[in-house]
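Student: Quick one: the structure is below, and I'll ask about it shortly.
The values are calculated or read from the model by the stated rules, or taken from the named source; none is laboratory data. Not measured: the values here are computed from a predicted model. Here the Cβ positions follow ideal geometry from the backbone for every residue, glycine too, while neighbour counts run over all protein chains shown.
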Amino acid sequence: MTDQPNRIPQYQYLYETLRQDIIRGVFKAGDLLPSESVLQQQYRLTQPTIRQALSLLVQEGYIKKHQGKGSIVQAIPIGLGVMSLQTHVAHIDENEAVSEGLSAEVITTIILAKPILCPFPNELLFYPTDETPDTQYYCLERLRSVNGNPVFFEKLILPNRYLPNLSRQRLTNRSFFDLLRTKYGLVVTGGEQKIQALPAENHIANQLQVEPGSPVLRLEKRIDTNKSDFSFYSLLFARTDQFLLQGRF
């Protein structure tokens, strides 16, 4: 792994390599990943590093670990930052709802407002107390849809550091977390979130194509990274009448 970017830890680089192999179909749903010993020999990494990379793949739903079998590839999840998206499916004979995964091809992301420098928005409940008053932030807006139906309207706010040429990056139909990880070496490590159910104001209702006043989910997050001085923020409005959110944080 001599071509590994210096800014990305070895486990993160292996995780990204295996993840891309799954996305490209090198490993398909139901396939077994190479064993830990094979991965050690192939990439010349230690066993703890291999296991850390595999643990990330498990957390994000790309594989499942089975005792005595190994790492089994799962259907590709739809990446929504720290969440994945599933449909509600009702049984005819009962009222219990179950969920089915969505294929990665049905979700689309369009950029409504490209990254521009701005002050920290007043509408957020979180506030970056460790920043100076004159700190500038990149602010952008995007809309994520499933089969053409809007599901998420999101505002992202990021400090203006470690992000050279962010405004020139391709953001349409691209995972923003993947961009931060692969382009800038910024790895999400956790954070804090606040959730409310609110009636949709006109602007949000228009973006999500619901009636004004319809209930929507307001999900605000402070997202921490592997750099102690770089946390960013997400303000997301979601309609969940047809979809179920799940994930780790």
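Student: Filter the stretch 153-169 for residues that are closer than 14 Å to residue 108 by Cβ and out of contact with any helix residue (DSSP H, G or I) (no Cβ under 8 Å at 6 or more places or on another chain) and give the result.
Tutor: Within the stretch 153-169, just 154 meets the criteria.
Student: Considering only the stretch 182-249, give the strands (runs of 3 or more DSSP E) lying wholly within it that have at least 3 residues that are in contact with a Phe, Trp or Tyr (Cβ under 7 Å, 6 or more places away or on another chain). Lay out the reasoning, then the answer.
Tutor: Numbers: elements: 188-199, 215-225, 231-238, 243-247.
Of the strands (runs of 3 or more DSSP E) lying wholly inside the stretch 182-249, those with at least 3 residues that are in contact with a Phe, Trp or Tyr (Cβ under 7 Å, 6 or more places away or on another chain) span 188-199, 215-225, 231-238.
Student: Something else about it: From the residues in the stretch 211-237 that are surrounded by 12 or more Cβ atoms within 10 Å (Cβ to Cβ) and touching a helix residue (DSSP H, G or I) at 6+ places or on another chain (Cβ under 8 Å), which one is modelled with the lowest pLDDT?
Tutor: Residues of the stretch 211-237 surrounded by 12 or more Cβ atoms within 10 Å (Cβ to Cβ): 212-227, 230-237.
Cutting the leftovers down to touching a helix residue (DSSP H, G or I) at 6+ places or on another chain (Cβ under 8 Å) gives us 212-214, 216, 225, 237.
On the way: 212: 96, 213: 96, 214: 95, 216: 96, 225: 88, 237: 96.
Taking the candidates together, the pick is 225.
Student: If you don't mind, there's one more thing I want to ask. Residue 190 fails exactly one of the following numbered conditions: (1) surrounded by fewer than 19 Cβ atoms within 10 Å (Cβ to Cβ); (2) within 26 Å of residue 122 (Cβ to Cβ); (3) over 13 Å from the mean Cα position of the chain (by Cα). What is the number of that condition?
Tutor: In the conditions (1) surrounded by fewer than 19 Cβ atoms within 10 Å (Cβ to Cβ); (2) within 26 Å of residue 122 (Cβ to Cβ); (3) over 13 Å from the mean Cα position of the chain (by Cα), residue 190 misses (3) alone.
Student: While we're here: Which of the strands (runs of 3 or more DSSP E) found entirely inside the stretch 1-118 contain at least 3 residues meeting this: at pLDDT 90 or above and within 19 Å of the chain's Cα centre (by Cα)?
Tutor: Working: elements: 63-66, 70-73, 83-90, 97-101, 107-118.
Because the criterion is at least 3 residues that are at pLDDT 90 or above and within 19 Å of the chain's Cα centre (by Cα), the strands (runs of 3 or more DSSP E) in the stretch 1-118 that meet it are 107-118.
Student: So which of 168, 181 is loosely packed, with under 14 Cβ neighbours inside 10 Å and over 24 Å from residue 127 (Cβ atoms)? Before the answer, list the steps.
Tutor: Values: 181 fails: loosely packed, with under 14 Cβ neighbours inside 10 Å.
Sole residue among the options that is loosely packed, with under 14 Cβ neighbours inside 10 Å and over 24 Å from residue 127 (Cβ atoms): 168.
Per-residue answers, yes or no, for (1) of a type outside the set (A, V, I, L, M, F, W, C); (2) in contact (Cβ under 8 Å) with a residue 40 or more places away in the chain; (3) under 24 Å from residue 59 (Cβ atoms):
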residue	(1), (2), (3)
124	no, yes, no
167	yes, yes, no
194	yes, yes, yes
200	no, no, no
213	yes, no, no
219	no, no, yes
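Student: What about residue 131, is it without any contact (Cβ under 8 Å) to a residue 60 or more places away in the chain, out of contact with any His (no Cβ under 7 Å at 6 or more places or on another chain) and not in a strand (DSSP E or B)? Spell out the reasoning first.
Tutor: Details: without any contact (Cβ under 8 Å) to a residue 60 or more places away in the chain: yes; out of contact with any His (no Cβ under 7 Å at 6 or more places or on another chain): yes; not in a strand (DSSP E or B): yes.
Answer is yes for this residue.
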